[in-house]
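K.L.:
Handing you a structure now.
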Amino acid sequence: MAFTPPTESYTGKVCALTIGLGDKAITFGGENVLPFHAFEGSIPNKPVIAFEIQDIPPDDWPEQVRKPYKDVANDPISWAKYCQDTLKAKAIALRLIGTHPDGENRSPEDAAKTVKDVLSAINIPLIILGSNHAEKDASVLISAAEAAKDKNCVIGKAQEANYKTIVAAAMAHNHKLIAMSELDINLSKQLNILIIQMGLERERIIIDPMCSALGYGLEYTYSVMERIRLAALTQNDTTMQPPMLGDVGMYVWKVKETQASETDIPNWGSVEERGITWEAVTATALLLAGADLLIMRHPKAVVAVEKVIEELV
Amino acid sequence: MALTGVEIFKLLPKTNCKKCGFPTCLAFAMKLAQRQASIDLCPDVSEEAKQKLGEASAPPVRPITFGVGDKSIKMGEETVLFRHDKRFVNPCAFALEIKDTLSEKDIRDRIEQVLNSEMERVGQKLRVDAVALMNDSHDTSRFEILAKTIFQNAPDIPVIICSENPSSAETAVKLFADRKPILYGANLENAEAFANIAKTYKTILGVKGNNLDELSSLTEKVKSLGVQDIVIDSGARKAKDILRDNTFIRRAAIKKNFKPLGYPIITFAQREYSLVEALIGTIGIAKYSSIIVFSSIEKWKNLALFTLRQNIYTDPQVPMQVEQKIYKIGEPTTTSPLLITTNFSLTYFIVSGEIENSKVPSYLAVIDSEGLSVLTAWAAGKFTAAKIAQFIKDTEVEKIINHRELIIPGYVAILSGAIEDKLEGWKVIVGPREANGLPAFLRSKL
């Protein structure tokens, strides 16, 4: 019996989205096939990995992932430059965690200054993230979006509770927007519809279906991503066609497996390699499910995942 | 493609004799189409019809058991391309390669690593399942020494005997004849000789093509020589090619019922860098490999890949649950806070993660809600005042803490009065609605 390759064609296409300016701008999305299925369609752009930094020293990051940044992480400007110049980052994700009301409770003005400082130090695209406090993020991201006016950044995350102000800020200052919902394809679709109804084009949205770490609900994120991508491609559902984000580092580097020492749990092996592997495996699984943009922390995990992306395209 | 009820009906005697137990041949045909009855129930059906039906009703990916006894591995039987459609059935097996060019000490070391690879995670025992013997020396006597060492030191571990040389292969296979090993290495040149060895020693045959077309004709060929149990390798080694070929194989088997590729897939993931190897393994786990061969099995790598395999092969229809009990987070003392939530694994992971973030050592009582999250469990009557009160009494938590305060999720604030009525001497405190409010909440109580 002769073998005929069972290729499939799709009616829909993922939106291509460009962030940053000039020759350092990057584009992701744009594919009209399932992840890495170049054998049956077109994949014009590779997935992109952004290095995560934050506005205050990363005291809450575990030792293993603080170590690579120990000389630079006291200051977001030197941290950003280190990622761009030494680690050859293609993009940076600045998390304004210091604005969280339970933490340092920094003001929106402080956040705006940090954004300005970081932007003046780098020429690669910047993703600006709040502290994931819905109420505070609304005010912080308005100031941050204004500080980054016309730099074609990504701001987020807009959620059901705060999307109106954040969408307005993205529209007013020409940014892209991350729309986050909690592990449910219907909630994700609903939020996108609300955002599009406000007047932000769907070509400016990035879907964050909410990340989870390997062993801590990864299968939920994985399947929600697969379903969103299938809806975009096979049902040509235009509201599900924005590219997807995997905010990997933040979720991975708080689970026990990335922190417990080998002395405590000998059967788990080296904590350094375990943590890096945890982040890289989580990231690779989400790429296979459809993520186009990843936010990661450990430089060695990024190197390994980029190597595999090269092999997959 | 599976036959429809009407197509099956045409093959039946159409006598409506009822001997099968169904009122009409058509009713029986419908049951056959749904795979709820067996053709053997019909005493009058022709042999030809039986054969046609047998072929059509065979599962799209052939079920095969690799190895024997407690450590045997089930493969195949898959029915879908995406795990949200239906559970992936048989988790892929991990094998460690052992080359016959190694010293005897190194061989023994590697066997030890496999024997000691077991770990427990969320109640499941996970381990490296098999070893792959590699005839890198191309020498028959060295391969025999390797096979003997493994046979003596790890007799019950399923083995994959990898060689393209029939005499090397047969020498090793002989030892494992009653252990249902995989003989891997049948190709265009040696297919006949390998099919004969596989038949003689009742092994599973691993067939390698240089592409899917060649692989399809090879499996047809060895099948015509009488080998039924086959695992297949398209020759893909690069990530991109593994993903493409595995996708084509699974699609051809399931959507086209293309029998020549309806077998479990073996993937060789060996790489110079262990971390990159882990990521190639990630592709195999997510995308349809039934066996993945690795060149190293460090504990950190095993833990990550075992966990991924568990995640991908979880039944998406059944919520993952954690055990009902009082969990310690940090090192709680008799005065530490006591919180309660439900046993949906995601709920547990998020709540315990946020308690950890708070750095406030605590007790977390997790009640069996049949895997439902807090609000759903409350709505379904699985997270009620009576159940919570009973659980607190049953666990005898009163013996490990000296206060009587129970923190409940903000979404079920409505339960606080009823719980206090049923738990004498206790005070119920309403916590935040979302888990991310826990760090601030717990710290404010210090």
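The values are calculated or read from the model by the stated rules, or taken from the named source; none is laboratory data. The shown structure was predicted, so the numbers you read here are calculated from the model rather than taken from an experiment. Heads up, the Cβs are rebuilt from the backbone with ideal geometry, glycines too, and the neighbour counts pull from every protein chain shown. Side chains are part of the model used for accessible areas, which takes the heavy atoms of the whole protein and leaves out ligands, DNA and RNA. Shrake-Rupley method; radii C 1.70, N 1.55, O 1.52, S 1.80 Å.
K.L.:
Compute, for region B:325-445, the length of the dipole vector about the Cα centre, with Cβ point charges of +1 (Lys, Arg) and -1 (Asp, Glu) only. Units Debye, rounded to 20. Mind dumping the intermediate values first?
P.N.:
Details: 13 positive and 13 negative charges, 31 e Å.
For this selection, approximately 140 debye.
K.L.:
Please sort through the DSSP H helices of chain A and keep those with an alpha-carbon extent of at least 24 Å along the long axis and a Kyte-Doolittle average not below 0.0. Working shown, then result.
P.N.:
Details: long enough: A:271-289 (27 Å, 0.69).
Once both thresholds are applied, what remains is A:271-289.
K.L.:
Given charges of +1 on the Cβ of Lys and Arg and -1 on the Cβ of Asp and Glu, with all other atoms neutral, how large is the dipole of chain A about its Cα centre, in debye to the nearest 20?
P.N.:
Details: 30 positive and 41 negative charges, 125 e Å.
It comes to approximately 600 debye.
K.L.:
While we're here: Looking at the protein assembly as shown, send over the antiparallel percent of its DSSP beta bridges, to the nearest 5. Before the final figure, lay out the partial values.
P.N.:
On the way: 16 of 80 bridges.
Expressed as a percentage, antiparallel bridges in the protein assembly as shown total about 20.
K.L.:
Pop a pseudo-label 7 angstrom from the Cα along the beta-carbon direction at both A:I77 and B:N16 and give the gap in nm to one decimal.
P.N.:
9.1 nm
K.L.:
Provide the FRET efficiency to the nearest 0.05 for the B:E164-B:S217 pair, computing r from the beta carbons and using R0 = 25 Å. Could the numbers behind the result be given before it?
P.N.:
Numbers: r = 18 Å, r/R0 = 0.71.
The formula returns an efficiency of 0.90 here.
K.L.:
Turning to a different aspect of this structure: Which of the residue pairs A:K70/A:K90; A:K256/B:K287; A:K113/A:K176; A:K67/B:K240 have a Cα-Cα distance greater than 24 Å in the structure shown?
P.N.:
Numbers: A:K70/A:K90 21 Å; A:K256/B:K287 27 Å; A:K113/A:K176 20 Å; A:K67/B:K240 33 Å.
Table pairs above 24 Å Cα-Cα are A:K256/B:K287; A:K67/B:K240.
K.L.:
A follow-up question, please. Please identify the chymotrypsin sites (Phe, Trp or Tyr not before Pro) of region A:242-304 that satisfy two criteria: DSSP loop assignment and at most 14 other Cβ atoms within 10 Å. Which are they? Before the final figure, lay out each step's value.
P.N.:
Values: sites: A:Y251, A:W253, A:W268, A:W278; in loops: A:W253.
Loop-located and lightly packed - none at all.
K.L.:
Compute the signed sum of charges (Lys and Arg +1, Asp and Glu -1) over the other residues within less than 13 Å, Cβ to Cβ, of A:A148.
P.N.:
Values: positive: A:K113, A:K116, A:K149, A:K151, A:K176; negative: A:D117, A:E146, A:D150.
The answer is +2.
K.L.:
Please compute the average number of Cβ atoms from other chains found within 10 Å of each residue's Cβ in peptide A:131-138.
P.N.:
Numbers: counts 0, 1, 3, 2, 0, 0, 0, 0.
Per residue, the number of nearby Cβ atoms from other chains is 1 on average.
K.L.:
Something else now. Non-local amide H neighbours of A:I49 (under 5 Å, H modeled in plane, Pro and chain starts lacking H): which ones?
P.N.:
The answer is A:L294.
K.L.:
Please give the FRET efficiency for B:D40 paired with B:K148, using the beta carbon to beta carbon distance and R0 = 56 Å, rounded to the nearest 0.05. Before the final figure, lay out the partial values.
P.N.:
Numbers: r = 44 Å, r/R0 = 0.79.
After rounding to 0.05, the efficiency reads 0.80.
K.L.:
Let me ask something else about it. Once the piece of chain linking B:D106 and B:E118 is laid out straight, how much longer is it, given 0.36 nm per residue of separation minus the C-alpha distance between them? Numbers along the way, then the final one.
P.N.:
Values: separation 12, 0.36 × 12 = 4.32 nm, distance 2.00 nm.
The span from B:D106 to B:E118 would gain 2.3 nm if fully extended.
K.L.:
Here's a follow-up. In deg cm²/dmol, rounded to 500, what helix-only [θ] at 222 nm does chain A give when every DSSP H run of at least 4 residues adds -39500 (n - 2.57) and the total is split over its residues?
P.N.:
Details: 10 runs with 116 residues, N = 313.
Estimated from H runs of four or more residues: -11500 deg cm²/dmol.
K.L.:
Accessible area per residue of the protein assembly as shown at 1.4 Å probe, in Å²?
P.N.:
On the way: 30160 Å² over 759 residues.
With the other protein chains kept in place, the protein assembly as shown gives 40 Å² per residue.
K.L.:
Where the centre of each part is set by its Cα atoms, how far does region A:61-87 sit from region A:246-263, in angstrom?
P.N.:
Going from one Cα centre to the other spans 18 Å.
K.L.:
In whole angstrom, note down how far apart the Cα centers of region A:140-181 and region B:63-108 are.
P.N.:
Rounded to whole Å, the Cα centres lie 48 Å apart.
K.L.:
Find, among the trypsin sites (Lys or Arg not before Pro) in region B:351-401, those assigned to loop by DSSP (not H, G, I, E, B) with at most 15 other beta-carbon atoms within 10 angstrom. List each step's numbers first, then the result.
P.N.:
On the way: sites: B:K359, B:K382, B:K387, B:K393, B:K399; in loops: B:K359, B:K382.
Hits after loop and neighbour filter: B:K359.
K.L.:
How many nm is it between the label spots at B:S416 and B:D178, if each spot is 7 Å from the Cα in line with the beta carbon?
P.N.:
Result for the modelled spin labels: 6.9 nm.
K.L.:
Another question, if that's okay. Check B:A132: other-chain or 5+ apart residues with amide H under 5 Å from its amide H, H built from backbone geometry?
P.N.:
B:L96, B:E97, B:I98, B:I160
K.L.:
Just check chain B against the gyration tensor rule for me: Cα atoms, a ≥ b ≥ c as the square roots of the eigenvalues, rounded for a/c under 1.5, and otherwise prolate or oblate depending on whether a/b exceeds b/c. Write down the numbers at each step before the final one.
P.N.:
On the way: a/c = 2.85, a/b = 1.51, b/c = 1.89.
It is oblate, given that a/c is not under 1.5 and a/b is not larger than b/c.
K.L.:
With θ taken as phi - 60° and the coefficients 6.51, -1.76 and 1.60, list the Karplus ³J(HN,Hα) couplings across region B:289-294 in order, rounded to whole Hz; mark glycine and proline as x.
P.N.:
6, 9, 9, 10, 9, 10
K.L.:
While we're on this one: Given contacts defined as C-alpha pairs under 8 Å and at least six residues apart, what's the relative contact order of chain A, whole-number percent?
P.N.:
Details: 657 pairs, mean separation 61.8, N = 313.
Taking the mean separation of contacting Cα pairs over the length of chain A, I get 20 percent.
K.L.:
Could you tell me the ratio Rg/Rh of region B:5-57? Both radii from Cα atoms, Rh via Kirkwood. Write out the running numbers ahead of the final one.
P.N.:
Details: Rg = 9.5 Å, Rh = 10.6 Å.
Taking Rg over the Kirkwood Rh, I get 0.89.
K.L.:
Okay, next question. Which log10 I(q)/I(0) values, to two decimals, does region B:64-312 give at q = 0.07, 0.12, 0.15 Å⁻¹ under the Debye formula with one point per Cα?
P.N.:
Summing over Cα pairs of region B:64-312 leads to -0.21, -0.64, -1.03.
K.L.:
Rounded if a/c is under 1.5, else prolate if a/b is larger than b/c, else oblate: which is chain A, with a ≥ b ≥ c the root eigenvalues of its Cα gyration tensor? Working shown, then result.
P.N.:
Details: a/c = 1.59, a/b = 1.12, b/c = 1.42.
It is oblate, given that a/c is not under 1.5 and a/b is not larger than b/c.
K.L.:
Assigning unit charges at the beta carbon (Lys, Arg +1; Asp, Glu -1) and nothing else, what dipole magnitude in debye, to the nearest 20, does region B:5-57 show about its Cα centre?
P.N.:
Values: 8 positive and 6 negative charges, 46 e Å.
Using Cβ point charges on Lys, Arg, Asp and Glu, region B:5-57 gives about 220 debye.
K.L.:
Chymotrypsin sites (Phe, Trp or Tyr not before Pro) within region B:273-351: which are DSSP loop residues with at most 14 other Cβ atoms inside 10 Å?
P.N.:
B:Y273
K.L.:
Shifting gears a bit: Relative contact order of region B:43-141: what whole-number percent is it, with Cα pairs under 8 angstrom and at least 6 residues apart?
P.N.:
On the way: 101 pairs, mean separation 20.9, N = 99.
Reported as a whole number, the value is 21 percent.
K.L.:
Just to verify a number: FRET efficiency for B:T24 and B:K255, C-beta to C-beta distance, R0 = 35 Å, to 0.05? Please report the intermediate quantities before stating the final value.
P.N.:
Values: r = 31 Å, r/R0 = 0.90.
In this case the efficiency is close to 0.65.
K.L.:
Taking every residue in B:111-119, how many Cβ atoms of other protein chains lie within 10 Å of its Cβ, on average? Spell out each step's value before the answer.
P.N.:
Values: counts 0, 0, 0, 0, 0, 1, 1, 1, 4.
What the average comes to for B:111-119 is 1.
K.L.:
Using a simple spin-label model with points 7 Å from Cα along the Cα→Cβ vector, what separation in nm is obtained for B:R443 and B:D139?
P.N.:
Spacing of the two 7 Å Cα→Cβ label points: 6.6 nm.
K.L.:
For Cα pairs less than 8 Å apart in space and 6+ apart in sequence, what is the mean separation divided by the residue count of chain B, i.e. the relative contact order in percent? Walk me through the numbers before you get to the answer.
P.N.:
Working: 834 pairs, mean separation 49.7, N = 446.
Reported relative contact order: 11 percent.
K.L.:
Report the longest stretch of chain B that contains none of the GluC sites (Glu not before Pro) sitting in a DSSP loop with at most 12 other Cβ atoms within 10 Å.
P.N.:
Details: sites that count: B:E189, B:E272, B:E323, B:E396, B:E424.
It runs B:1-188.
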